[in-house]
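Visitor: Below is one structure. I have some questions about it.
What follows draws every value from the coordinates through simple rules; no lab data is involved. Because the structure is predicted, anything quoted here is derived from the model rather than measured. Glycine also receives a Cβ, built like all others from the backbone with ideal geometry; neighbour counts cover every protein chain displayed.
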């Protein structure tokens, strides 16, 4: 196709889209148009070609644009100030969601699925590498395996240095570094937290490449072999990011008992969004599991210190200088997800704060050096965290009508549905088509509901005063000894849920006065409110912390093994699971072991064997539980390599996940929200009782105020309903 | 018929136990097709199968007076058939050694005739080298397993073994000499180091498996049965099974021509003194 033809085609297509967006239609015409396009989408989604995904995304954008256009041009004729205030708020929230939809569609219109580049055979030309492991207050047993794994990286010994950057200045860490033959670096102050720590180390070292692992990210041996090739091939490449993979359940997965049964919160970003960013040369640095070219980093003054998400800001700075960034979607390190919901929220609040700071301090739309596409990708990354207020508006909007009688959208319910349903339906279809592998449908609402109220204030303050925020270290490796409902964290969800209670009662009251209010509007708002209640209920279920006592996480690693007993006898077997602390072994025959017996455990990987001294913890028929006892540092390094170091350690992580039907999440969310509400009600009985009683009282007052404070008409209506319901069921009873 | 020799340059490394236990696995895989031949004057292979080592006639008789091998083979309903060395006097032994020196391929000739040539697998036990009786075993073999213990004394015999291997490797269809570690114990640093050293040398290929140190092996002998029967779930049993698998796999492979080294001929090897080990 010639260039001219292309431009012409683009112009025609754009014109068609614009016309399709702005042409006003009557109710019937809109229903027919919306319905037929939706049917086309339903038919298309059965086909597997990749252009179908793009077409579905385009349809979704077009239909949503039409909805938004209609909302702006035809629904803002408000009767009074109250309607106007609520209506504008809702429209702004919808506009925000539309912008995010647009940016997201652009960001992931295609993905660059980068493969590793092979290194040349001549090792003398491989770059020298400094590995930085920054730590501040994390426990030693979190950092140990990380350090040992980094020291076992497959790389020429004279070209690899591993540095432990200890801002906690702890003696035990220094000892560990000395024993393990790593370099130990401390500094006089803790200025600029992690960024400052890294910059200090940068000034003391000289390797051509810098690799950063958070102190819980245990690398595989192959990390450098797979990543460095790109730096040799492309001299303008400044940063290569690999996924952050977590081998333990994050609080959401754990408390929902869905660990490894569905994609976790990070997978959409690391599975899909970053690959999309990579297509636009807009991959951003995520602080860990990444390689950076020192010369480029020094050119921008080291790791950025102006934002609490120093990583993303650093990559913007690098890209403004014309450097490239890359994303390699191969999990090459395993890390620890936060243990408690509170910590999980804290970490995301920091991200939200930092990304908002970037919006003010280094706005990707402004300034020099970025391509248009890069600006849009970074803009989405920053704007995306401003969902706090819009989400709250969406959760509570139906209350404006149900409680206050405000008409937030001046349109007949049927008309609203004719525009709204295609908008929601197409978004759902294109989302489930392109993203459900990385995030199950509807889960986006759950994640945002959990965080919305928490990120609201931090993002707003960061918008107003971007230099005020303080870096907070994310807690990792904490045991939750007393499980149960975390009242403190759950309070906002509970309050929002209790607020929707009177909404439901008022909806019932309004339905009882069916000739007084518009039943369609009431039903519409009530369904919306119930959807919000399901989201809030799910958030409550997530706030029910499950007990977690294990310090080291078990990995389901199955390898041939043998035991050597103190007597010199042996027994063959297989490992069932392993952790840094011990493991479970399926044994052939009966070795005649009892709890407390010392054994030597050998584990075979291909033709290599590693030996670990251990003690029997429990012996059952055909299986043993062992705890490692008296491991030397060398043994420990071998164990870390066995558990985390294998190049294929995380390759099959998704295997065995149940299939995800398009509406499958709905059932899970309904079940979980029921559980969450029941748990919350159990934990806060008095509060719940008070809320129900006052909601009912208010609703009754509301009813009486419409009947001139007479009870009789109400009783009459209730009887009327009772009679018609009874009539409705009568034929059935006769049949029996 | 494929003949496999188990050799070592040092006594007490467990050759005989390997022949017996490996033979037991092979016999289970292919009943009636495996023959174990004891070519060690100590005549101890039979102990593993309940024979009294002080009694019995065997291969020595064939070599000395030309007795038919057919009657000398011990056949069991279960387990491999085996041909003991037979009990010999010092004088007989000296004569056998002279025969071996004069005609190093004497064993190959004997094994080339029926009924010995009717078996699919022949496993040969050998006296610890250096001994004039080692070379006949090597020359009769299609494949040689050189047994090492994971210790210094055993490792020190590597040069001698290399010399021996160079003497036999140019034969056509020879599948080479492979290092097999017996009594492997990687839980000690010495055990690990010796295995690393063995793996690092480039002259002889090292088997991708080892027979682990296991109390069940001597215990099985004390009970006059094979490890496979005595302790089926022991690592040693598993190792012997893997060894048999490896052997079958290796033997099933098409033979690629061994690298020829023209300068060295089998004749260059002269075995000096008979073994004085008991």
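Visitor: Quote the FRET efficiency, to the nearest 0.05, computed for residue A:465 versus residue A:320 with a Förster distance R0 of 25 Å and r equal to the Cβ-Cβ distance.
Guide: Computed FRET efficiency for residue A:465 and residue A:320 comes out at 0.55.
Visitor: If you line up the long axis of helix A:487-512 against the longest principal axis of chain A, both from Cα atoms, how many degrees apart are they, to the nearest 10?
Guide: 20
Visitor: Continuing with this model, one more query. Taking just the C-alpha trace of region B:158-258, give me its Rg and Dmax in Å.
Guide: Rg and Dmax of region B:158-258, Cα atoms, are 15.8, 44 Å.
Visitor: If you don't mind, there's one more thing I want to ask. Where the Cα atoms of region B:1-127 are projected onto their three principal axes, how long is each span, largest first, in whole Å?
Guide: The principal-axis extents, from largest down, are 39, 32, 26 Å.
Visitor: Something else now. Could you check the spin-label model distance between residue B:93 and residue A:39? Points 7 Å from the Cα along Cα→Cβ, value in nm.
Guide: My value for the distance between the label points is 10.0 nm.
Visitor: Oh, and also: Viscosity 0.692 mPa s, temperature 37 °C: give me the Stokes-Einstein translational D for region B:96-210 in µm²/s, with Rh taken as the Kirkwood radius over C-alpha pairs.
Guide: Taking Rh from Cα pairs, D becomes 213 µm²/s.
Visitor: How many Cβ atoms of partner chains, on average, are near each residue of B:183-195 if near means within 10 Å of its Cβ?
Guide: Counting other chains' Cβ atoms within 10 Å and averaging over B:183-195 gives 3.
Visitor: At R0 = 60 Å, how high is the FRET efficiency between residue B:197 and residue B:71 if r is their beta carbon distance? Nearest 0.05 is fine.
Guide: The formula returns an efficiency of 0.80 here.
Visitor: While we're here: Just check region A:172-318 against the gyration tensor rule for me: Cα atoms, a ≥ b ≥ c as the square roots of the eigenvalues, rounded for a/c under 1.5, and otherwise prolate or oblate depending on whether a/b exceeds b/c.
Guide: oblate
Visitor: Could you give the length gained on full extension between residue A:627 and residue A:530, defined as 0.36 nm per residue of separation minus the Cα-Cα distance, in nm?
Guide: 30.0 nm
Visitor: Also, I was wondering about something else. Average partner chain C-beta neighbours within 10 Å, per residue of A:561-572?
Guide: Whole-number average of other-chain Cβ neighbours for A:561-572 is 6.
Visitor: Right, another one. For helix A:685-706, what angle does its Cα long axis make with the longest principal axis of chain A, in degrees from 0 to 90 and rounded to 10?
Guide: 20
Visitor: Mind giving me the nanometre distance, one decimal, between the label points for residue A:233 and residue B:54, set 7 Å out from Cα along Cα→Cβ?
Guide: 7.7
Visitor: Using only alpha-carbon positions, what ratio does the radius of gyration of region A:249-321 give when scaled by 2.2 N^0.38 Å?
Guide: After normalising by residue count via 2.2 N^0.38 Å, the value is 1.38.
Visitor: Debye calculation, C-alpha points only, no solvent: report log10 I(q)/I(0) for region A:1-53 at q = 0.18, 0.24 Å⁻¹, in the same order as the q values.
Guide: Listed by q, the Debye log ratios stand at -0.85, -0.96.
Visitor: Rank by packing, highest mean first: peptides B:6-19, A:484-497, with packing defined as the count of other Cβ atoms within 10 Å averaged across residues.
Guide: B:6-19, A:484-497
Visitor: Among A:423, B:74, A:171, which comes first, then next, by fewest other beta-carbon atoms within 10 Å?
Guide: Ranking A:423, B:74, A:171 by Cβ neighbours within 10 Å, fewest first, gives A:171, B:74, A:423.
Visitor: By its C-alpha gyration tensor, with a ≥ b ≥ c as the square roots of the eigenvalues, how is region A:190-264 shaped: rounded for a/c under 1.5, else prolate for a/b larger than b/c, else oblate?
Guide: Oblate, since a/c reaches 1.5 and b/c is not below a/b.
Visitor: Can I ask one more? Taking the inverse of the average 1/r across all pairs of different Cα atoms in region B:36-84, what Kirkwood radius in Å do you get?
Guide: Here the Kirkwood hydrodynamic radius works out to 11.0 Å.
Visitor: Another question, then. Mind running the shape call on region A:659-713? Use the C-alpha gyration tensor, a ≥ b ≥ c as the square roots of the eigenvalues: rounded below 1.5 for a/c, prolate if a/b tops b/c, oblate otherwise.
Guide: Judged from the Cα gyration tensor, region A:659-713 comes out oblate (a/c at least 1.5, b/c at or above a/b).
Visitor: What is the calculated FRET efficiency for residue A:260 to residue A:667, with r their C-beta to C-beta distance and R₀ = 25 Å, to the nearest 0.05?
Guide: 0.85
Visitor: Shifting gears a bit: So how far, in whole Å, is the C-alpha centre of region B:93-134 from the one of region A:114-153?
Guide: Using only Cα atoms to place each centre, the spacing works out to 57 Å.
Visitor: A further question on this structure: Could you quote the convex hull projected area for region B:53-106, Cα atoms only and averaged over all directions, in nm²?
Guide: For region B:53-106, averaging the hull's shadow over all directions gives 4.3 nm².
Visitor: Okay, next question. Taking the number of other C-beta atoms within 10 Å as the exposure measure, put A:443, A:653 in order starting with the fewest.
Guide: Final ranking by Cβ density, sparse to dense: A:653, A:443.
Visitor: Starting with the highest mean, order A:456-464, A:345-353, A:698-706 by the number of other Cβ atoms within 10 Å, averaged over the residues of each peptide.
Guide: Going by the mean number of other Cβ atoms within 10 Å, highest first, we get A:345-353, A:456-464, A:698-706.
Visitor: Give the Debye-formula value of log10 I(q)/I(0) at each listed q (0.14, 0.16, 0.22, 0.26 Å⁻¹), with one equal scatterer per alpha carbon of region A:266-360, two decimals each.
Guide: These q points yield log10 I(q)/I(0) values of -0.57, -0.74, -1.31, -1.48.
Visitor: Let me ask something else. Using only alpha carbon positions, build the gyration tensor of chain B, then give the equivalent ellipsoid semi-axes as the square roots of 5 times its eigenvalues, largest first, whole angstrom.
Guide: They are 25, 24, 18 Å, listed from largest to smallest.
Visitor: For region B:148-193, what is the Kirkwood estimate of the hydrodynamic radius, computed as the reciprocal of the mean inverse distance between distinct Cα atoms, to one decimal in Å?
Guide: 12.1
Visitor: Calculate the spin-label point distance for residue A:729 paired with residue A:372, positioning each point 7 Å from the Cα along the beta-carbon direction, and give it in nanometres.
Guide: 6.4
Visitor: Could you work out how far helix A:443-464 tilts from the main Cα principal axis of chain A, as a 0 to 90 degree angle to the nearest 10?
Guide: Helix A:443-464 sits at roughly 80 degrees to that axis.
Visitor: At q = 0.06, 0.08 Å⁻¹, what is the base-10 log of I(q)/I(0) for the protein assembly as shown according to the Debye formula with one equal point scatterer per Cα and no solvent? Please give it to two decimals.
Guide: Values, matching the q order: -0.64, -0.92.
Visitor: Let me ask another. Arranged by the count of other C-beta atoms within 10 angstrom, fewest first, what order do B:169, A:178 take?
Guide: A:178, B:169
Visitor: Now for a separate question. If you count the DSSP beta bridges with both ends in the protein assembly as shown, what percent of them are antiparallel, to the nearest 5?
Guide: Beta bridges within the protein assembly as shown, antiparallel portion: roughly 50 percent.
Visitor: Computed over the Cα atoms, what is the radius of gyration of region A:590-705 divided by 2.2 N^0.38 Å, N being its residue count?
Guide: In units of the 2.2 N^0.38 Å rule of thumb, it is 2.06.
Visitor: Per residue of B:233-240, how many C-beta atoms from partner chains lie within 10 Å of its own C-beta, taken as a mean?
Guide: 6
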